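Trainee: Just dropping this structure here.
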Amino acid sequence: KLLVAGTTRGRLELDWLDLESPTPPAPLPKGKGEKEVRARGWVFDASVTFDENKLVALLANTSGVTRLKGVFRVEDEWVGVNRAGTAVSVSPTAYRRDSRIEVFSDTLDWGTFEAALRACVLPEGTVP
(Lines give C-alpha, C1' and ligand atoms only; values in the text may rest on other atoms or scores of the structure.)
Protein backbone atom coordinates (compact mmCIF):
# COMPACT_ATOMS: atom_id res chain seq x y z
CA LYS A 1 0.00 0.00 0.00
CA LEU A 2 1.40 3.35 -0.96
CA LEU A 3 -1.04 5.40 1.08
CA VAL A 4 -3.69 4.89 3.70
CA ALA A 5 -5.99 7.89 4.00
CA GLY A 6 -9.48 8.78 5.10
CA THR A 7 -12.04 10.26 2.74
CA THR A 8 -15.37 11.96 3.07
CA ARG A 9 -18.12 11.25 0.56
CA GLY A 10 -15.66 9.58 -1.81
CA ARG A 11 -13.55 12.70 -2.34
CA LEU A 12 -9.94 11.93 -3.21
CA GLU A 13 -6.91 14.17 -3.36
CA LEU A 14 -5.82 14.27 -7.02
CA ASP A 15 -2.13 13.94 -6.15
CA TRP A 16 -2.90 10.50 -4.67
CA LEU A 17 -3.34 9.25 -8.25
CA ASP A 18 0.28 10.11 -9.06
CA LEU A 19 1.89 8.13 -6.23
CA GLU A 20 4.72 5.90 -7.39
CA SER A 21 5.75 2.60 -5.89
CA PRO A 22 9.09 2.67 -4.09
CA THR A 23 11.90 0.51 -5.39
CA PRO A 24 11.35 -3.02 -4.08
CA PRO A 25 13.98 -4.43 -1.75
CA ALA A 26 16.58 -6.85 -3.06
CA PRO A 27 14.98 -10.29 -3.43
CA LEU A 28 17.67 -12.11 -1.46
CA PRO A 29 18.65 -9.84 1.44
CA LYS A 30 21.35 -10.62 3.96
CA GLY A 31 20.49 -10.47 7.64
CA LYS A 32 22.74 -9.13 10.35
CA GLY A 33 25.64 -11.55 10.64
CA GLU A 34 23.67 -14.34 8.94
CA LYS A 35 24.37 -16.28 5.79
CA GLU A 36 22.70 -15.11 2.61
CA VAL A 37 19.10 -16.27 2.44
CA ARG A 38 18.38 -18.13 -0.78
CA ALA A 39 14.95 -18.56 -2.29
CA ARG A 40 13.44 -19.80 -5.52
CA GLY A 41 9.91 -19.77 -6.83
CA TRP A 42 7.93 -21.52 -9.55
CA VAL A 43 4.58 -20.70 -11.14
CA PHE A 44 2.47 -23.22 -13.04
CA ASP A 45 -0.57 -22.55 -15.23
CA ALA A 46 -3.94 -23.08 -13.53
CA SER A 47 -4.59 -26.05 -15.85
CA VAL A 48 -1.66 -28.01 -14.34
CA THR A 49 -2.80 -30.55 -11.74
CA PHE A 50 -0.57 -32.11 -9.09
CA ASP A 51 -0.69 -35.54 -7.45
CA GLU A 52 -1.46 -34.48 -3.88
CA ASN A 53 0.21 -37.46 -2.18
CA LYS A 54 3.47 -37.10 -4.13
CA LEU A 55 3.48 -33.33 -3.71
CA VAL A 56 2.92 -33.32 0.04
CA ALA A 57 5.53 -36.06 0.52
CA LEU A 58 8.06 -34.01 -1.47
CA LEU A 59 7.34 -30.76 0.32
CA ALA A 60 7.29 -32.34 3.79
CA ASN A 61 10.39 -34.50 3.39
CA THR A 62 12.87 -32.46 1.35
CA SER A 63 15.82 -31.77 3.62
CA GLY A 64 17.46 -28.38 3.76
CA VAL A 65 14.22 -26.40 3.44
CA THR A 66 13.88 -23.70 6.08
CA ARG A 67 10.56 -22.35 4.81
CA LEU A 68 8.18 -22.86 1.92
CA LYS A 69 4.77 -21.65 0.93
CA GLY A 70 2.67 -22.60 -2.04
CA VAL A 71 -0.74 -22.98 -3.61
CA PHE A 72 -1.54 -25.97 -5.83
CA ARG A 73 -4.30 -27.42 -7.89
CA VAL A 74 -4.55 -31.08 -6.85
CA GLU A 75 -6.92 -33.82 -8.00
CA ASP A 76 -10.18 -32.50 -6.59
CA GLU A 77 -9.41 -29.14 -4.97
CA TRP A 78 -6.90 -26.35 -4.50
CA VAL A 79 -4.66 -26.39 -1.42
CA GLY A 80 -2.30 -24.05 0.33
CA VAL A 81 0.87 -25.63 1.71
CA ASN A 82 3.09 -24.04 4.33
CA ARG A 83 6.24 -25.38 5.93
CA ALA A 84 8.44 -23.83 8.58
CA GLY A 85 11.28 -26.13 9.60
CA THR A 86 9.64 -29.56 9.79
CA ALA A 87 6.11 -28.34 10.59
CA VAL A 88 3.86 -28.70 7.53
CA SER A 89 0.26 -27.62 7.06
CA VAL A 90 -2.04 -28.29 4.12
CA SER A 91 -5.43 -26.61 3.87
CA PRO A 92 -8.05 -25.84 1.22
CA THR A 93 -7.78 -22.42 -0.42
CA ALA A 94 -9.99 -20.23 -2.59
CA TYR A 95 -7.00 -19.08 -4.69
CA ARG A 96 -7.36 -20.30 -8.29
CA ARG A 97 -5.21 -18.09 -10.54
CA ASP A 98 -2.25 -20.51 -10.83
CA SER A 99 -0.20 -23.02 -8.85
CA ARG A 100 2.89 -21.50 -7.27
CA ILE A 101 5.56 -22.16 -4.69
CA GLU A 102 8.39 -20.27 -3.04
CA VAL A 103 11.11 -22.22 -1.23
CA PHE A 104 13.78 -20.87 1.12
CA SER A 105 16.97 -22.87 1.63
CA ASP A 106 20.70 -22.43 2.09
CA THR A 107 21.63 -25.91 0.86
CA LEU A 108 18.98 -27.19 -1.58
CA ASP A 109 20.01 -28.40 -5.04
CA TRP A 110 17.49 -26.34 -7.02
CA GLY A 111 17.69 -28.44 -10.19
CA THR A 112 16.99 -31.67 -8.31
CA PHE A 113 14.12 -30.06 -6.40
CA GLU A 114 12.55 -28.68 -9.59
CA ALA A 115 12.74 -32.09 -11.28
CA ALA A 116 11.05 -33.70 -8.25
CA LEU A 117 8.38 -30.98 -8.25
CA ARG A 118 7.68 -31.52 -11.95
CA ALA A 119 7.42 -35.25 -11.30
CA CYS A 120 4.40 -34.48 -9.08
CA VAL A 121 2.44 -33.10 -12.07
CA LEU A 122 -0.31 -35.40 -13.33
CA PRO A 123 -0.50 -36.10 -17.07
CA GLU A 124 -3.00 -33.92 -18.96
CA GLY A 125 -6.48 -35.35 -19.00
CA THR A 126 -6.06 -37.24 -15.72
CA VAL A 127 -8.44 -34.93 -13.88
CA PRO A 128 -11.64 -33.36 -15.26
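The values are calculated or read from the model by the stated rules, or taken from the named source; none is laboratory data. Just so it is clear, the model here is predicted, and its values are computed rather than measured. Only protein heavy atoms, including side chains, enter the accessible area calculation; ligands, DNA and RNA are left aside. Shrake-Rupley method; radii C 1.70, N 1.55, O 1.52, S 1.80 Å.
Trainee: Would you work out what percent of the accessible area of segment 46-94, with all protein chains in place, is carbon or sulfur (probe 1.4 Å)?
Mentor: Answer for segment 46-94: carbon and sulfur cover 51 percent of the accessible area.
Trainee: Can you put S89, S99 in order of accessible area, largest first, using a 1.4 Å probe?
Mentor: S89, S99
Trainee: Continuing with the same structure: Which of rounded, prolate or oblate describes segment 40-128 when judged by the alpha-carbon gyration tensor and an a/c cut-off of 1.5?
Mentor: Prolate is the answer for segment 40-128, as a/c is 1.5 or above and a/b outweighs b/c.
Trainee: Quick one: compute the contact order of segment 33-99, relative version, from alpha carbon pairs under 8 angstrom and 6+ residues apart, as a percent.
Mentor: Across segment 33-99, relative contact order equals 33 percent.
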